[in-house]
Amino acid sequence: MSIKINESTAPNRFRDVYPQDAAPRVSVGRQSGDRLRITDTTFRDGQQAGEPFALDAALALHAVLVALDAGSGRIAQTELFLYGERDRALLEAIRETGARWPEPTAWIRADPRDLALVRTAGVAETGILCSASDHHIYGKLGWTRSEALNRYVELVRAVIDAGVRPRVHLEDVTRADLDGFVLPLASALAELGRDRGISVKLRLCDTLGLGLPWREAPLPRSVPRLAEALAAAGVAAADLEWHGHDDLGKVHANAAAAWLAGCAAVNGTLGGIGERTGNEPIELAAVELAGIDPGCGLDLAALGGLPAALAAAGAPVAARRPVIGADAFLTRAGVHIDGLLKDPEIYLPFDPGLVGRTTDVALNDRSGAAGVAWVLGRDKRDPVVLAVAGRIADAYAGGRTADMSPGEVRGLAQDIASVPAM
């Protein structure tokens, strides 16, 4: 059998998809004028999943958002509760920073009494919790669908009449009856918006992480089909926003699918913190957005300060968390370290410096001579390197399990170098 290979005079590194100095490209035919956005809920959905943030810790997280946005307006908004003194103090402190982006917004229940909090706070936009599934309408609220629709529309009307922009949160939309409730509500809100001369934003909330990123999936689980159904009903892309949870491990895939299907905004939290398994991680959304729209203006290097800010807020980052975890750009495998020695690009998805990180290695019984060579800055065939690698192998054969620090490796090298040759 004869097999023909299309030989090349130079390696094909697919630079149109994997540039050396930027995020991996997502070529989907979108134009930068689409103004895809990220919105933040770290101080609302994120904070409610753990202990309250101290004010200085919350402001440090806000500073990461501001630095990441870098004046681009792509980290468009951050939402806050208004119910407690701590919440209201954070709102005022954020205002005092003078940062234009992200714009602080509010969140209220579908209760007319909460509107007074919004008026007092003087925010320009508020989210409104509008449960969409029958689980919530009948089971939690004890209403009929007609009662729910009428209550939601009346509250949105009151919000508009108060001079505040409304953002309707369709809670549990991936278990909601699209034709029987969601689309009629969307139509009623669109009509109200036209009457009042204002757009009514819709946030599609995958409250239990049941959404699926595939168009082939059934409604109401298919994220693309949900977004496209609302667009077909006349909701502008600029007024559609996706909010997901990670219960089934698809939070980022669903967020990206929502963007590609027509939602202009994706809502998330720093570090992906949030109820149960968390929300869309803003750091992943930011890298994805930079791949979709290379001219978006985000400063991804600002993510380098995120792990420390999250730790100070009582939300330490798991070591293997993508992009921001301590092990995100670290390897222990000798075969991988050998590749890094030859060309760091071989075992890195992108340059860690892009997100304010560095390439690193940790040594154990799998790291071999390549790991020692990395630490010592020598060729892996160097006699000292080989001798140190042998001692490391002996240590693990003797029962050691913990990683070996660079300092220990250097100490072994000094010990070996000080022993006279026989």
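Students often get this wrong: which residues of segment 169-203 have the backbone nitrogen under 13 Å from the point 7 angstrom along Cα-to-C-beta of Ala232? Counting backbone N atoms under 13 Å from the label point, the list is 178-179, 183.
Between Val335 and Glu216, how high is the FRET efficiency from 1/(1 + (r/R0)^6) when r is the Cβ-Cβ distance and R₀ = 45 Å? Nearest 0.05. Let's see the in-between values first.
Working: r = 37 Å, r/R0 = 0.83.
Efficiency, rounded to the nearest 0.05: 0.75.
In terms of the Cα gyration tensor, with a ≥ b ≥ c the square roots of its eigenvalues, is segment 209-296 rounded because a/c is under 1.5, prolate because a/b exceeds b/c, or oblate? In terms of gyration-tensor shape, oblate.
Working note: Cα atoms of segment 337-390, range along each principal axis, descending, whole Å: 36, 19, 15. Counted over the chain, the DSSP beta bridges are approximately 5% antiparallel. P(r) tail for segment 245-382: Cα pairs beyond 19 Å make up 58% of the total.
Is the shape of segment 149-280 best called rounded, prolate or oblate, per the rule: a/c under 1.5 gives rounded, else a/b larger than b/c gives prolate, else oblate, with a ≥ b ≥ c the square roots of the Cα gyration tensor eigenvalues? In terms of gyration-tensor shape, prolate.
Summary of the geometry: segment 129-162 and segment 238-281, compared by the centres of their Cα atoms, lie 23 Å apart. Over all Cα atoms in segment 309-422, the spread is summed up by Rg and Dmax: 15.9, 57 Å. Each Lys and Arg contributes +1 and each Asp and Glu -1, all at the Cβ; summed about the Cα centre of segment 64-132, the dipole is approximately 60 debye. Database remark: amide H of Lys201 closer than 5 angstrom to the amide H of Val168 (H placed geometrically; neighbours at sequence offset of 5 or more, or on other chains; Pro and chain starts carry no H).
From the Cα trace of segment 83-125, what convex hull volume per residue do you get, rounded to a whole Å³? Walk me through the numbers before you get to the answer.
Working: hull volume 3.1 nm³, N = 43.
Cα convex hull per residue, to the nearest whole number: 72 Å³.
All distinct Cα pairs of segment 362-422 go into the 1/r average, and the inverse of that average, the Kirkwood radius, is 11.4 Å.
Computed from point charges on the beta carbon alone (+1 for Lys and Arg, -1 for Asp and Glu), the dipole magnitude for segment 218-312 about its Cα centre is near 240 Debye.
Summarising the strand pairing of segment 177-314, around 10 percent of its internal DSSP beta bridges are antiparallel.
The string of couplings for segment 120-126 from the Karplus curve (6.51, -1.76, 1.60, θ = phi - 60°) is 5, 6, x, 7, 8, 9, 9 Hz, one whole number per residue in order, with x for Gly and Pro. For the chain, the solvent-accessible area works out to 46 Å² per residue, with a probe of 1.4 Å and every protein chain left in place.
Each Lys and Arg Cβ is given +1 and each Asp and Glu Cβ -1; about its Cα centre, the chain then shows a dipole of about 360 debye.
A simple rule links phi to the HN-Hα coupling: the Karplus curve 6.51 cos²θ - 1.76 cosθ + 1.60 with θ = phi - 60°, which for segment 272-281 gives x, 5, x, 3, 6, 8, x, 9, 4, x Hz, with x for Gly and Pro.
Apply the a/c threshold of 1.5 to the C-alpha gyration tensor of segment 276-339 and tell me whether it is rounded, prolate or oblate. List each step's numbers first, then the result.
Values: a/c = 1.95, a/b = 1.15, b/c = 1.70.
The shape class here is oblate.
The label-point distance for Leu386 and Ala63, in a model that sets each label 7 Å from Cα toward Cβ, rounds to 5.1 nm. Taking the empirical scaling 2.2 N^0.38 Å for compact globular proteins as reference, segment 1-135 has a Cα radius of gyration ratio of 1.57.
Ranking Ala60, Ala110, Leu240 by Cα position along the charge dipole of the chain, where only Lys, Arg, Asp and Glu carry charges on their C-beta atoms, puts Leu240 farthest toward the positive end. Restricting the calculation to alpha carbons of segment 124-172 gives Rg and Dmax of 11.3, 33 angstrom. Of all the C-alpha pairs in the chain, what % are more than 36 Å from each other? Value for the chain (Cα pairs over 36 Å): 37 percent.
Calculated on C-alpha atoms, the gyration radius of segment 90-231 divided by its Kirkwood radius gives an Rg/Rh of 1.00. Close amide H pairs (under 5 Å, H built 1.01 Å from N) link Trp242 with Leu204, Ala265, Val266, Asn267, residues at least 5 positions away or on another chain.
So for Val375, Val355, what's the accessible-area order with a 1.4 Å probe, most first? Walk me through the numbers on the way to the answer.
Working: Val375 25, Val355 0 Å².
Descending accessible area places them as Val375, Val355.
Which number comes out as Rg/Rh for segment 138-202 once both Rg and the Kirkwood Rh are worked out on C-alpha atoms? Expressed as Rg/Rh, it is 0.96.
For the chain, the residue among Leu82, Leu300, Asn254 whose Cα projects farthest onto the positive side of the dipole built from Cβ charges is Asn254.
Listed by chain and number, the lysines placed with their C-alpha closer than 27 angstrom to that of Lys201 are Lys140, Lys250; residues fewer than eight positions away on the same chain are left out.
Between Ala311 and Thr358, what length in nm is gained on full extension when 0.36 nm per residue of separation is reduced by their alpha carbon distance? Don't skip to the answer; put the middle values down first.
Working: separation 47, 0.36 × 47 = 16.92 nm, distance 1.90 nm.
Extra length from Ala311 to Thr358 when fully extended: 15.0 nm.
Taking each DSSP H run with n ≥ 4 as -39500 (n - 2.57) and averaging over every residue of the chain yields -11000 deg cm²/dmol at 222 nm. Extending 7 Å from the Cα toward the beta-carbon at both Asp56 and Ser418 defines two label points whose distance is 4.3 nm.
Contact order for the chain, expressed relative to its length and based on alpha carbon pairs under 8 Å spaced 6+ residues apart, stands at 16 percent.
The values are calculated or read from the model by the stated rules, or taken from the named source; none is laboratory data. Quick caveat: nothing in here was measured; it's all calculated off a predicted structure. Reconstructed Cβ throughout: ideal geometry from the backbone, glycine too, with neighbour counts over all protein chains shown. The area values use the complete protein model at the heavy-atom level, side chains included, leaving out ligands, DNA and RNA. Shrake-Rupley method; radii C 1.70, N 1.55, O 1.52, S 1.80 Å.
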